[in-house]
Amino acid sequence: MTHPSPNSLRHAGLASICLALTAALGCGGQGDEQAATTAAPTNTGAPAGPVDGPPMSGVSSRGSFQIEVTPKGGPIPTNEPFDVKLSVTEPETGAPFTGFDAITLDARMPGHDHGMTRDVELVATDTPGEYVAEGLLFHMIGYWEFHVDVVQGPRMERAQVATTLEF
């Protein structure tokens, strides 16, 4: 079971997943922001299928963009590969945020000073501002952070969200 954590720790990501994109808008400076969380969507009567895990939302350190990281197919498992959907939007309008040269998604256990044991690829979907990362693996229980960094030229801005895996 995962539980979002309001804690925000400052650690740089080591095992990054990178997708280079071109765009015209700049991003702010480097830094972290406290994680915020939203509730899971309700059933709208759609056909039964795998239910995604609860989304985790946060705003970047300079407020230029917000993220929503949603585990696909249910809560994040321990020591089993899983996929996430990443949405990157403008905080004020909800429009897709695409103003950067590159975007990375990383997951770390700051209390243990390590990240995942594998690299995964972040792939753009057909929907602007949406990406999928497949094959993530949280190999142990405890507090994990997702870091999403966007880069424009020499500047990097981070948004992060957190979860805790329990028995």
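Below, the figures for the structure above:
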| item | result |
| --- | --- |
| Breaking point among (1) under 16 Å from Q160 (Cα atoms); (2) surrounded by 15 or more Cβ atoms within 10 Å (Cβ to Cβ); (3) at pLDDT 95 or above, for D83 | (1) |
| Region 126-150: number of residues that are over 20 Å from I76 (Cβ atoms) and in contact with a strand residue (DSSP E or B) (Cβ under 9 Å, 6 or more places away or on another chain) | 5 |
| Out of T70, T104, sole residue that is of a type in the set (V, I, T), in contact with a strand residue (DSSP E or B) (Cβ under 7 Å, 6 or more places away or on another chain), in a strand (DSSP E or B) and within 28 Å of G49 (Cα to Cα) | T70 |
| Restricting region 53-67 to residues that are of a type in the set (S, T, N, Q) and over 14 Å from F100 (Cα atoms), the residue that is surrounded by the fewest Cβ atoms within 10 Å (Cβ to Cβ) | S57 |
| Checking G99 against (1) modelled with pLDDT of 95 or more; (2) surrounded by 14 or more Cβ atoms within 10 Å (Cβ to Cβ); (3) touching a Leu at 6+ places or on another chain (Cβ under 6 Å); (4) not basic (K, R), the condition it does not meet | (1) |
| Pair list, Cβ under 8 Å, 6 or more apart: region 93-112 residue over 24 Å from P154 (Cα atoms), other residue of a type in the set (G, A, S) and outside any loop (DSSP other than H, G, I, E, B) | M109/G115; M109/G142; G111/G142; H112/G142 |
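The values are calculated or read from the model by the stated rules, or taken from the named source; none is laboratory data. All values derive from a computational prediction rather than experimental measurement. No Cβ is skipped: glycine too gets one built from the backbone with ideal geometry, and neighbour counts run over all protein chains shown.
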